[in-house]
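This report refers to the structure that appears directly beneath it.
Derivation of every value follows stated rules applied to the coordinates shown; laboratory data play no part. From a predicted model like this one, the values you see are computed outputs, not experimental measurements. All Cβ positions, even for glycine, are placed from backbone atoms using ideal geometry, and neighbour counts span all protein chains on display.
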Amino acid sequence: MKKTTSFNKDLFKKSLVNSLSNYKEGSKQQVERTPKYSTGIIPLDDLLEGGFPMGSIVGFGSEAGVGKTTILLQACANIVKKYNKTVYYIDVENGAKLDLIYKMEYTDMLYHPESNPEGRFYLLSFKTIQDIVSFINQAAKGQDTAVIVIDSVTQVVDEESKEKDDLDVSNKQKGKIATMWSKASRALNTIIGDSDISLIMVHQARQKLNDFNPKTTSAGGNALKHITSVELWAKKGKYINEKYVTVDKASNSIGFNVKLQSLKSRCGDSDSSRNLVLFKGKGAVNVFAVKEWLEEYQYYDKKKEEYIPYFTKNDPWKTYNIPQLSIYIKERSYTKILEQLNYHRDELIPYVIQQLESNW
């Protein structure tokens with residue numbers, strides 16, 4: 001005879017309450033929208049509908065030389081400024097050079113036990129997955145950590161392989177790396193999911209040359225794709241010269257265009273993209289994003305009861321009219337337009353961000 005178990009309604013209800021208590025305070029807001037850390041980089045925040053999602057893992061990939069490190073250093077520094085929280089940049093492949101940080105004027109944020117013990121920007125150099133997971137677990141126990149960056153996951157090694165001096169770059173070794181991250185994925189998901197941390201996992205691209213149409217894919221393997229809530233991809237575009245005009249060659253250029261694409265997102269739209277302009281040694285320049293936004297959007301005029309574009313073109317003149325800020329720019333030269341927009345950046349950037357936030 002089969003033994004039956006009586007249903008305890010009170011016990012069942014208590015179990016549900018305990019399960020729901022895992023949600024942070026303000027659970028309604030938690031369900032409606034994942035809270036995020038604004039990076040202060042307009043195209044990146046717009047693509048992510050607000051910034052890096054809290055309690056989530058973000059994958060960020062590209063080919064070498066696209067500027068991932070510069071973008072992430074800038075994003076981390078902006079988060080330190082805005083939220084007064086701590087960020088940890090685990091520089092596995094030694095790409096976050098102090099020279100670059102100095103050029104970007106972030107040295108005053110860097111933690112140093114003697115010269116700057118109050119610094120909230122930590123530059124770390126862990127190499128093994130055991131050290132990294134252990135550190136993330138410790139960092140997640142506090143309430144002060146906002147972002148942790150691993151740059152890059154493809155350079156992380158297993159402690160056992162390191163001890164055996166088995167660090168070759170063969171396909172067999174790449175398979176070991178994928179297995180290593182696959183084993184760590186459950187722990188990372190649990191640690192990050194129970195915190196307010198946004199974990200950014202940087203990975204490089206690789207070329208698949210086994211057919212007639214070579215493909216550029218992530219070198220992080222499928223293991224990383226399964227644990228990320230967001231997957232970003234960056235692709236380098238044309239260069240920009242001193243007159244802010246796009247050119248094909250790198251010589252005499254001051255920066256270049258970067259196409260940011262969302263390949264996967266559980267916190268926003270997938271398969272969308274934004275353009276970002278990166279100046280060498282400085283970072284993303286928001287004024288280009290402001291110009292692009294003004295040229296695309298309109299505002300509602302209550303008196304006329306109609307939508308009016310911010311931007312109009314009547315060759316050779318180009319006009320930008322933002323009556324809400326009492327800003328009126330009329331120029332023929334592309335260079336002068338950007339100079340004028342940059343002059344008003346302290347008013348324009350917050351205004352554009354405010355308008356974008358209403359759609360996030």
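For segment 242-360, what percent of Cα pairs sit more than 16 Å apart?
When every Cα pair of segment 242-360 is considered, 68 percent fall beyond 16 Å.
Listed by Cβ neighbour count within 10 Å, with the fewest neighbours leading, Tyr239, Tyr343 appear as Tyr343, Tyr239. Summarising the amide proton neighbourhood of Ile200: residues at separation of 5 or more, or on other chains, whose placed amide H is nearer than 5 Å comprise Val58, Ile148, Val149, Ile150. Ordered by the count of other Cβ atoms within 10 Å of each Cβ, fewest first, Lys243, Lys235 give Lys243, Lys235. Once C-alpha pairs closer than 8 Å and six or more residues apart are averaged by separation and normalised to the residue number of segment 293-357, the relative contact order reads 18 percent. For segment 39-172, a Kirkwood hydrodynamic radius built from all Cα pairs, placed in the Stokes-Einstein relation at 37 °C and 0.692 mPa s, yields a translational diffusion coefficient of 204 µm²/s.
So what is log10(I(q)/I(0)) for segment 41-93 at q = 0.26 1/Å, when the Debye sum runs over its Cα atoms only? Values, matching the q order: -1.41.
Can you work out ³J(HN,Hα) from phi for every residue in segment 52-69, in order, using Karplus 6.51 cos²θ - 1.76 cosθ + 1.60 and θ = phi - 60°, giving whole Hz and x for Gly and Pro? With the stated coefficients, segment 52-69 comes to 5, x, 6, x, 9, 10, 10, x, 9, x, 4, 6, 5, x, 8, x, 4, 4 Hz. Here's how it looks for Ile254: its modeled amide H is under 5 Å from those of Ile240, Asn241, Glu242, which are all 5 or more places away or on a different chain. By the beta-carbon count within 10 Å of each Cβ, the least crowded to most crowded order of Thr319, Thr128, fewest first, is Thr319, Thr128.
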